[in-house]
Amino acid sequence: MANVSKKRVITAGLIGGTVFSIVVVLFDKLMDREFSWLRLAFYFVFGVLMYGFLTYRNFKKHNKKR
């Protein structure tokens, strides 16, 4: 990861994944769905990976413009 801070990507991924998981849990509660730890774990991992990837891509794109 040239010129991209790993710490910032990981932090953004964790924060984004956590917020995404909370939103999914609140939406499930609103729709009267049963709570599932397995579903929560899946959405957390999925959110962390996706937000981390998107943050990495964004940092890489902005570093190319310089």
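Rule-based calculations on the coordinates, nothing more; no lab input. Quantities reported herein were computed from a predicted structural model and do not represent experimental measurements. Here the Cβ positions follow ideal geometry from the backbone for every residue, glycine too, while neighbour counts run over all protein chains shown.
Values computed for the structure shown
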| item | result |
| --- | --- |
| Integer Hz, Karplus 6.51/-1.76/1.60 couplings in order for the range 35-49, x for Gly and Pro | 6, 9, 5, 5, 5, 4, 5, 4, 5, 5, 4, 4, x, 4, 5 |
| Estimated dipole of the range 6-61 in Debye, rounded to 20 [Cβ of Lys and Arg +1, of Asp and Glu -1, Cα centre] | 540 debye |
| Convex hull volume of the chain per residue (C-alpha atoms, cubic angstrom) | 71 Å³ |
| Residue-by-residue Karplus 3J(HN,Hα) for the range 16-29, coefficients 6.51, -1.76, 1.60, Hz, glycine and proline x | x, x, 5, 5, 4, 5, 5, 5, 5, 5, 5, 5, 4, 5 |
| Added length on full extension, which subtracts the Cα-Cα distance from 0.36 nm per residue, K61 to T11 | 16.2 nm |
| Reachable lysines from K6, criterion Cα separation under 25 angstrom, eight or more residues apart if same chain | K60, K61, K64, K65 |
| CD proxy at 222 nm, helix term only [per DSSP H run n ≥ 4: -39500 (n - 2.57); per residue of the chain; nearest 500] | -29000 deg cm²/dmol |
| Leading residue at positive end of dipole, the range 6-61 (Cβ point charges), from L30, L40, G17 | G17 |
